[in-house]
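The next block holds one structure in the form of structure tokens; read it before the comments.
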């Protein structure tokens, strides 16, 4: 079921120089949303600039209160307008949209890798996984310390994330993918979930593949409709990406055959084999 | 006052109201069926269908511009065979007209498409897309050359008895020339406008933003141009005109109708407001009640009286 309605801003907090968390009263969406799904927000009420809605991963939700949270970074006009909205104002919201992360019953030990605000869809997933008593390790990376997302919230859930900041001075001085590589040398996991810049996800996939670690990523895309009608958010997805077929295609110089799929419907979550 | 009569006929297709979906912006209707009953539409115009499946253009396919969007989807679709064998059954219980937009690179492809769709009883009419800006070697080329347009429409006309709505390109010097050629070749109605060819450049990467470099502009930014073309075309032709281009609200739709359009199509607005079409239908009915207009037909070309 999809909902399109107005939602009231319950709280809007600045979390960093360009980072914000917004809590919206959206009980219908909260009732149905799963980790990995997103909502489509209209930030401009009256005019036509910007024209399109903006997709945001669901960061967290409180089903009892009917409050849905988004954590976002200001990157352009849409997010800049959003950042100026105040508590008590309303926003048009559509959702829940997209394919949630797949969760496997047999998984006991999971690793998450996030790049900056890419932590957004992973927070909601972490909460659910912890509710299932799964052992969870989280690697958070960013270029600058102020761009790190999720540390406080993870600590509140009883998880101490490992930090990688490229420009230092906190945690591991380097990329989060390097941290992942070292981690996988020492330990093994049943599954990996990741979200962040495309270049990071490619590297995460390469490293995971070396260790035969399976998992899912969440992709970001510019979208128009958000519901699968316009085909604007197409992404090349490897065809027939069941593992056996994949092994065959990787060996070929031409690479696996791809077809365009919609990030908003077939995604935003994809298996590692499907997208990189 | 009772509910006003919103019905209208477009080239032999009876619509209970004058608002249709615009091809390529509404998939096969299923997506918006999650928000409301698609049977509310005057007619359902489904996405551009080609003879062979098409994978579409490389991403990015969308870029937002001032009050508009540029797209270069490139007619991604599963092909006409798949449409007839798989998609069509979802329309068997539908009571609203189904209009299939057909597109191709070659004249022969349009003719084969029309031949294949002619016996399909669920299809009420064909929208002949002679104006797609996102397909190389054709598409728009047919719509920018008067003789080509005439030959193409005549060819399609010869193989189907289904009503033909010819969709015109705005990327021409004089749209009325192509409009008259299509009418002369046997079109039952015209629809306009398709998107305006445009582009955007990313100054940081110093490259065009769209994967396909050029794209089609739609949204409120194109409305005045679309309205002007509907005005010019409806003055010259005797067949009905379906107006489209940046219609976001009932007020926008009424402008097109008063300029001479007998019906309208709504595209980009769906992306911003998933309830755009039912809102527009309701808004037109509201306007009629407020202004004591019993029959929708009274509004068609209302701004032309004395013009």
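Before moving on, here are some points about what is shown:
- Coordinate range along principal axes, alpha carbons of the range A:54-144, Å, largest first: 42, 36, 22
- Theoretical ellipticity at 222 nm over chain B - DSSP helices of four or more residues, -39500 (n - 2.57) apiece, nearest 500: -8000 deg cm²/dmol
- Kirkwood hydrodynamic radius computed over the range B:78-219 comes to 16.0 Å, based on all pairs of distinct alpha carbons.
- GNM result for chain B, Cα springs below 10 Å: residue of B:170, B:59, B:97 fluctuating most strongly: B:59
- Gaussian network model of chain A, springs between alpha carbon atoms under 10 Å - residue of A:146, A:186, A:167 with greatest fluctuation: A:186
- When the helices of chain A are scored as -39500 (n - 2.57) per DSSP H run of n ≥ 4 and the total is divided over every residue, the value at 222 nm lands at -7000 deg cm²/dmol.
- Quotient of C-alpha Rg and 2.2 N^0.38 Å, computed over the range B:17-161: 1.05
- For chain A, built as a Gaussian network whose Cα springs stay under 10 Å, the top-fluctuating residue of A:99, A:170, A:206: A:170
- Average other protein chain Cβ within 10 Å of Cβ, residues B:57-69: 6
- Its convex hull of Cα atoms gives the range B:135-223 a direction-averaged projected area, equal to a quarter of the hull surface, of 7.1 nm².
- Legend: ranking of residues B:169, B:205, B:7 from fewest to most surrounding C-beta atoms inside 10 Å; resulting order B:205, B:7, B:169.
- Its Cα gyration tensor gives the range A:101-218 an equivalent ellipsoid, and the semi-axes of that ellipsoid, as √(5λ) in whole Å with the largest first, are 20, 17, 12.
- The convex hull around the C-alpha trace of the range B:257-307, projected and averaged over every direction, spans 4.0 square nanometres.
- Computed Kirkwood radius, in angstrom, where 1/r is averaged over Cα pairs of the range B:43-97: 13.2
- Share of Cα-Cα pairs in the range B:185-307 lying beyond 24 Å, as whole percent: 36
- Label point 7 Å beyond Cα of residue A:8 along Cβ direction - residues of the range A:57-72 with amide nitrogen under 15 Å: A:65-68
- Average partner coverage of B:271-284, which counts Cβ from other chains inside 10 Å: 3
- With Rh defined as the Kirkwood radius, the inverse of the mean 1/r over Cα pairs, the Rg/Rh of chain A is 0.96.
- Per-residue Cβ neighbour counts within 10 Å put A:101, A:172 in the sequence A:172, A:101, beginning with the fewest.
- Directionally averaged projected area (convex hull, Cα atoms, chain B), nm²: 15.3
- Average beta-carbon neighbours from other chains, 10 Å sphere, peptide A:219-226: 5
- Viscosity 0.890 mPa s, 25 °C: Kirkwood-radius Stokes-Einstein D of the range A:164-240 over Cα pairs, µm²/s: 169
- Exposure proxy order (Cβ contacts within 10 Å, fewest to most) of A:75, A:149, A:43: A:75, A:43, A:149
- Sorted from longest to shortest, the spans of the Cα atoms of the range A:3-97 along the three principal axes equal 32, 28, 25 Å.
- Report note on the peptides A:17-27, B:68-78, B:257-267: ranked by the mean count of other C-beta atoms within 10 Å, highest first, their order is B:257-267, B:68-78, A:17-27.
- For the protein assembly as shown, the fraction of alpha-carbon pairs in successive 10 Å shells from zero, as %: 3, 17, 26, 24, 16, 10, 4, 0, 0
- The angle separating the long axis of helix A:120-131 from the principal Cα axis of greatest extent in chain A is about 70 degrees.
- When both bridge partners sit in the protein assembly as shown, DSSP labels roughly 55% of those beta bridges antiparallel.
- Set of the range A:212-237 residues, backbone N closer than 11 Å to the point 7 Å along the Cα-Cβ line of residue A:75: A:219-223
Since every read-out is calculated from the coordinates, none of them should be taken as a lab result. Source: prediction; values computed, not measured. Positions of Cβ are generated from backbone atoms using ideal geometry, with glycine treated the same way; all protein chains shown enter the neighbour counts.
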